[in-house]
Each structure stands twice: as structure tokens, then as C-alpha cells.
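Asker: Take a look at this one; I'll ask things after.
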Amino acid sequence: MTEVKRLSYYVPVSTEMLAQADELAAAFRAALVAPPPTAEQKRAAAARRAQELAAAVARHETARTQLSGRLVDVLDLHRPQLPEYALWLQCHGCEAEGYDAEPPRWPCTTWCVAAGQQA
């Protein structure tokens, strides 16, 4: 029997209890930490990202051909972008406010109004 002293309280702990606690902690760590993605999963994710961006660019170009003047400039400012670090399409034409603000998802409200479309 091992005694653990904590804030002037003595709690008797058996070595079996300590072993179970270590096993439980290891199980929690294994459940919380996801394994790194495989090369195939990375390729599939990159392909999905490229496909999503291609569809968004096609939608953007279609809307551009239907408009003229300043509306085309507005659409170009709010075009879809997919930076390497981003998990979704972003609009870098909208101002992100605050220290840790992120650009809004694309299509943003401004792009939808200018294009006459819904998100």
C-alpha cells in the first residue's frame, strides 16, 4: 500500500489502483490524439480542395460574364480564395475586424448581392 500526501490528507492507494490509473490515462491520450493522416488521405484532401476551388472559380467567372462595370470590380475584389492554411473558401475582399479575426467564408454577402445570387 502506498500513501499519497496531498494538502495534509493521506489517501491509501494500492499499486493496482496506480496501474489502472496509468492504463486509463493512456487510453484517454490515445482517444484524444488523432493519428496523422496517411499520404493517400492527404492526396484525397488536396483533390477535394482543388475541386472545391475550381467549382467556386467557375461560379465566379460565370457571374463575371453576366455583369459589367463596377459590379465586375466588386466581384473581383471578393473572389474566392483558398490559402494553404484555410479549411474553407475565403473572401479576402471583406475586412476582418479584430486581433484574431479570420476572413469570412466565400461566397460572402457582398459577392452574393453584386452577383444577384444566394449563398
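Asker: What's the longest uninterrupted piece of the chain once you rule out the chymotrypsin sites (Phe, Trp or Tyr not before Pro) that are loop residues per DSSP with at most 15 other Cβ within 10 Å?
Answerer: 1-84
Asker: Once Lys and Arg get +1 and Asp and Glu get -1 on their Cβ, which of W106, L89, Q41 lies farthest toward the positive end of the dipole of the range 39-115?
Answerer: In the range 39-115, that residue is Q41.
Asker: Angle between the Cα long axis of helix 39-65 and the longest principal axis of the chain, 0 to 90 degrees, nearest 10?
Answerer: With both axes taken from Cα atoms, the answer is about 30 degrees.
Asker: If one takes the longest principal axis of the Cα atoms in the chain, at what angle in degrees, from 0 to 90 and to the nearest 10, does the Cα axis of helix 15-32 lie?
Answerer: Between the helix axis and the principal axis of the chain, the angle is about 10 degrees.
Asker: Roughly how far apart, in whole Å, are the Cα centres of the range 89-110 and the range 19-69?
Answerer: Measuring centre to centre over Cα atoms gives 19 Å.
Asker: Charges at C-beta only: +1 for Lys and Arg, -1 for Asp and Glu. How large is the resulting dipole of the chain about its Cα centre, in Debye rounded to 20?
Answerer: 340
Asker: Relative contact order, percent, of the range 41-119 when contacts are C-alpha pairs under 8 Å separated by at least 6 residues?
Answerer: 24
Asker: Return the equivalent ellipsoid semi-axes of the range 53-106 as a descending list in whole Å, where each equals the square root of 5 times an eigenvalue of the C-alpha gyration tensor.
Answerer: Rounded to whole Å, the semi-axes are 22, 15, 6.
Bear in mind that the values in this text are calculations on the coordinates, not laboratory data. None of the values given here were measured: they were computed from a predicted structure. Here the Cβ is made from the backbone with ideal geometry for all residues, glycine too, and neighbour counts use every protein chain on show.
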